[in-house]
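*Asks:* My questions will all concern the structure given below.
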Amino acid sequence: NAGVMQNPRHLVRRRGQEARLRCSPMKGHSHVYWYRQLPEEGLKFMVYLQKENIIDESGMPKERFSAEFPKEGPSILRIQQVVRGDSAAYFCASSPGRVGEAFFGQGTRLTVV
Amino acid sequence: AQRVTQPEKLLSVFKGAPVELKCNYSYSGSPELFWYVQYSRQRLQLLLRHISRESIKGFTADLNKGETSFHLKKPFAQEEDSAMYYCALSGKGEAAGNKLTFGGGTRVLVKP
């Protein structure tokens with residue numbers, strides 16, 4: 001089992017462009033969580049998804065951010081019209097169900113220039 | 001609102017010395033508490049969860065509901081313990097899932 005895979009590992013975008021971050025959960029895991037880590041801060045919860053459903057998006061900014069976890073394929077975190085403040089490390093975690101250990105990916109470091 | 005506070009950003013100790021990482025939380029209810037560790041160039045991984053009451057790599061953590069604390073301790077630090085440590089909290093039950101609230105992290109440096 002390769003673990004939670006996130007790509008790309010590093011992403012550079014100019015202000016106003018779109019960023020798409022991908023997360024492939026561990027085999028057999030149907031629950032995905034996205035977290036954001038700003039410089040010098042801890043991880044902050046963004047969104048919790050199950051296949052084809054958003055369970056909890058209480059940590060997502062109201063505009064420009066969206067997430068999906070389709071029936072087939074990876075979970076995608078999409079940031080439209082990126083701004084400098086979106087520069088951060090974005091981590092994905094997956095678990096087999098609502099309870100049980102969550103396993104983290106290595107993160108995607110987004111830099112907005 | 002739930003919150004996790006790790007007051008120390010950096011802890012520097014000598015090999016063989018005891019190390020204690022502080023974690024305080026606020027939560028209206030009975031949370032689950034965790035410690036996660038991130039070694040250099042590796043992914044975040046679970047170290048301890050309070051419900052399992054076990055010792056991993058010599059680390060222990062006791063949940064003190066009166067003081068709302070979940071401090072992580074190891075009596076004799078080793079160089080391989082140098083890493084970033086995060087305390088985290090989750091609401092109990094299936095509704096909360098694995099939605100975690102993290103502290104800001106403590107970097108531990110164990111000197112030879």
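*Asks:* For A:Lys27, give me every one of the aspartates and glutamates with a C-alpha distance below 17 angstrom, ignoring sequence neighbours fewer than eight places off in its own chain.
*Replies:* Candidates past the 8-residue exclusion: A:Glu52, A:Glu72, A:Glu101.
*Asks:* Which value does Rg/Rh take for the stretch A:30-76 over its C-alpha atoms, Rh per Kirkwood?
*Replies:* 1.00
*Asks:* Hey, which lysines would be in cross-link range of B:Lys65, C-alpha to C-alpha under 20 Å, not counting anything within fewer than 8 residues on its own chain?
*Replies:* The reachable lysines, counting only those whose Cα sits under 20 Å from B:Lys65, are B:Lys22, B:Lys73, B:Lys92.
*Asks:* If you don't mind, another one. Please state the charge dipole magnitude for chain A, taken about the Cα centre, from unit charges on C-beta atoms (+1 on K and R, -1 on D and E), reported in debye and rounded to the nearest 20.
*Replies:* Roughly 380 debye for chain A.
*Asks:* Looking at chain B, what % of its DSSP beta bridges pair antiparallel, to the nearest 5?
*Replies:* Antiparallel bridges: around 85 percent, rounded to the nearest 5.
*Asks:* Give me the accessible area buried between chains B and A, both sides summed, with a 1.4 Å probe, in Å² rounded to the nearest 100.
*Replies:* Between B and A, the summed buried area is about 1700 Å².
*Asks:* Give, rounded to the nearest 20 debye, the magnitude of the charge dipole that the stretch A:70-109 has about its Cα centre when Lys and Arg contribute +1 at Cβ and Asp and Glu contribute -1 at Cβ.
*Replies:* My answer is approximately 120 debye.
*Asks:* State the percent of C-alpha pairs, over all pairs in chain B, separated by a distance greater than 16 angstrom.
*Replies:* 57 percent
*Asks:* Note down the net charge around B:Asn24, summing +1 for each Lys or Arg and -1 for each Asp or Glu among other residues with Cβ under 10 Å from its Cβ.
*Replies:* +1
*Asks:* Further, regarding this structure: Tell me, what is the Rg over Rh of chain A, with Rh the Kirkwood radius over Cα pairs?
*Replies:* On the Cα set of chain A, Rg over Rh gives 0.95.
*Asks:* Quick check on the protein assembly as shown: take the gyration tensor over C-alpha atoms, sort the square-rooted eigenvalues as a ≥ b ≥ c, and tell me if it's rounded (a/c under 1.5), prolate or oblate.
*Replies:* prolate
*Asks:* Springs between alpha-carbon atoms under 10 Å, Gaussian network over chain B: tell me which of B:Leu46, B:Leu33, B:Leu63 tops the mean-square fluctuations.
*Replies:* B:Leu46
*Asks:* Choose one answer from B:Gly58, B:Gly91, B:Gly29: the residue with the largest mean-square fluctuation in a GNM of chain B with alpha-carbon springs under 10 Å.
*Replies:* Comparing B:Gly58, B:Gly91, B:Gly29 in a Gaussian network model of chain B, the most mobile one is B:Gly29.
*Asks:* Give the distance, in whole Å, between the Cα centre of the stretch A:81-103 and the Cα centre of the stretch A:1-78.
*Replies:* 5 Å
*Asks:* With r as the distance between the Cβ atoms of A:Ser87 and A:Ile54 and R0 = 25 Å, compute the FRET efficiency 1/(1 + (r/R0)^6) and round to 0.05.
*Replies:* Efficiency at R0 = 25 Å is approximately 0.50.
*Asks:* Pairs of Cα atoms under 8 Å, at least six residues apart: use those to get the relative contact order of chain B, whole percent.
*Replies:* Taking the mean separation of contacting Cα pairs over the length of chain B, I get 38 percent.
The values are calculated or read from the model by the stated rules, or taken from the named source; none is laboratory data. Since the model is a prediction, treat every value here as computed from it, not as a measurement. Ideal geometry is used to build each Cβ from the backbone, glycine not excepted, and the neighbour counts take in all protein chains shown. For the accessible areas, the whole protein counts, side chains as well, though only heavy atoms, and no ligand, DNA or RNA atoms are used. Shrake-Rupley method; radii C 1.70, N 1.55, O 1.52, S 1.80 Å.
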